[in-house]
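Only one structure is covered here, and it is reproduced in the block below.
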Amino acid sequence: MASKVAIVTAGGSGMGAAAARRLAAEGYRVAILSSSGKGETLAKELGGLGVTGSNQSNEDLKRLIDIAHSNWGRIDVLVNSAGHGPRAPIVEISDEDWHRGLDTYLMNVVRPVRLVTPIMQAQRSGSIINISTAWAFEPSEMFPTSAVFRAGLAAYTKIYADAYAKDNIRINNILPGWIDSLPATEFRRQSVPMQRYGTSEEIAATVAFLASEGAGYITGQNIRVDGGLMRSV
């Protein structure tokens, strides 16, 4: 069987890059989008394809997806990572910054999902994995635009799962807590029951699991990977 194909957006560094490395190690061909150019470098290292562009641009995303599909004939996995959106006291966030937050934390998923869905429908298979945040359901004033729009992402994910499960397309969100790609502070470390930051590689391992046949009956879920920081009732 031909190698499976994974697309990673915002994959030049951090959790996105770790996910690309892990999927490549598991035999996927990887195509990476990043705005910095690091994604192209990483893709070359991994024997894949890279595009320098923005996940806020339909044109850049289409270029990435078209290149991957035309070269490899399929798209099995889409991993949507994100950059960092505006942060400020909640009533001080301007209209423009709210719209930037929407683009960063929700439309970064909506745009590529719209593009890959017809391909995955034709294949009758696909796994979409969105890197969200532990604070999607227990919001923090530290991350207002992230929490607001990723709560919206949770709703989007459930609606999409309902609509496309019949086509064997799965979609899930990973909710990372304090991860080592962020600046470390002792206060944050002590707030975690496991008393440590998570690693980007641990997020990547969760991505790889959700992409795998072992997760074939999991869709529409928000999976916390946060050392016990947030707990469901």
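Every residue in the range 99-108 that is closer than 12 Å to Asn130 by Cα, touching a helix residue (DSSP H, G or I) at 6+ places or on another chain (Cβ under 6 Å) and in a helix (DSSP H, G or I), please.
The first filter runs over the range 99-108 and keeps only residues closer than 12 Å to Asn130 by Cα, leaving 105-108.
Next, from what is left, pick out any that are touching a helix residue (DSSP H, G or I) at 6+ places or on another chain (Cβ under 6 Å): 105-106.
Once the filter is applied, which keeps residues that are closer than 12 Å to Asn130 by Cα, touching a helix residue (DSSP H, G or I) at 6+ places or on another chain (Cβ under 6 Å) and in a helix (DSSP H, G or I), the range 99-108 yields only Tyr105.
Restricted to the range 125-149, and to residues that are part of a helix (DSSP H, G or I) and among the small types (Gly, Ala, Ser), which residue is nearest to Asn108 (Cα to Cα)?
Looking only at the range 125-149, we keep the residues that are part of a helix (DSSP H, G or I), and these are 134-136, 144-149.
With the extra rule that they be among the small types (Gly, Ala, Ser), the set shrinks to 134, 136, 146-147.
Details: Ala134: 18, Ala136: 16, Ser146: 12, Ala147: 15 Å.
If we take residues in the range 125-149 being part of a helix (DSSP H, G or I) and among the small types (Gly, Ala, Ser), then Ser146 is nearest to Asn108 (Cα to Cα).
Applying the selection to the range 76-130, what residues are within 11 Å of the chain's Cα centre (by Cα) and of a type in the set (Phe, Trp, Tyr)?
Residue satisfying the conditions is Tyr105 alone.
Among the residues of the range 157-186, count how many are in contact (Cβ under 8 Å) with a residue 24 or more places away in the chain, more than 21 Å from Ala6 (Cβ to Cβ) and touching a helix residue (DSSP H, G or I) at 6+ places or on another chain (Cβ under 9 Å). If you could, list the steps in order and put the result at the bottom.
Within the range 157-186, the first condition is being in contact (Cβ under 8 Å) with a residue 24 or more places away in the chain, and the residues that meet it are 157-158, 160-162, 164-165, 167-179, 181.
So of that shortlist, the ones also more than 21 Å from Ala6 (Cβ to Cβ) come out as 158, 162, 177-178.
With touching a helix residue (DSSP H, G or I) at 6+ places or on another chain (Cβ under 9 Å) added as a condition, the list becomes 177-178.
Of the residues in the range 157-186, 2 are in contact (Cβ under 8 Å) with a residue 24 or more places away in the chain, more than 21 Å from Ala6 (Cβ to Cβ) and touching a helix residue (DSSP H, G or I) at 6+ places or on another chain (Cβ under 9 Å).
So Arg231 passes all but one of these: (1) among the basic types (Lys, Arg); (2) out of contact with any Phe, Trp or Tyr (no Cβ under 8 Å at 6 or more places or on another chain); (3) not in a loop (DSSP other than H, G, I, E, B). Which condition number does it fail?
The number of the failed condition is (3).
Does any residue of the range 150-173 turn out to be touching a Pro at 6+ places or on another chain (Cβ under 7 Å) and either of a type in the set (Lys, Arg) or part of a loop (DSSP other than H, G, I, E, B) (or both)?
No, that holds for no residue.
Among the aliphatic types (A, V, I, L, M) and open to solvent by 30 Å² or more (accessible area, probe 1.4 Å), is that true of Met120?
Working: among the aliphatic types (A, V, I, L, M): yes; open to solvent by 30 Å² or more (accessible area, probe 1.4 Å): no.
So Met120 does not fit the description; no.
Name the residue, out of Arg196, Arg189, Arg150, that is open to solvent by 40 Å² or more (accessible area, probe 1.4 Å), among the basic types (Lys, Arg) and in contact with a helix residue (DSSP H, G or I) (Cβ under 9 Å, 6 or more places away or on another chain).
Numbers: Arg189 fails: in contact with a helix residue (DSSP H, G or I) (Cβ under 9 Å, 6 or more places away or on another chain); Arg150 fails: open to solvent by 40 Å² or more (accessible area, probe 1.4 Å).
Of the residues listed, the single one that is open to solvent by 40 Å² or more (accessible area, probe 1.4 Å), among the basic types (Lys, Arg) and in contact with a helix residue (DSSP H, G or I) (Cβ under 9 Å, 6 or more places away or on another chain) is Arg196.
The values are calculated or read from the model by the stated rules, or taken from the named source; none is laboratory data. Computed from a predicted structure; not experimentally measured. Every residue, glycine among them, receives a Cβ derived from its backbone with ideal geometry; neighbour counts consider all protein chains shown. Protein only, heavy atoms only, side chains kept; ligands, DNA and RNA dropped before computing areas. Shrake-Rupley method; radii C 1.70, N 1.55, O 1.52, S 1.80 Å.
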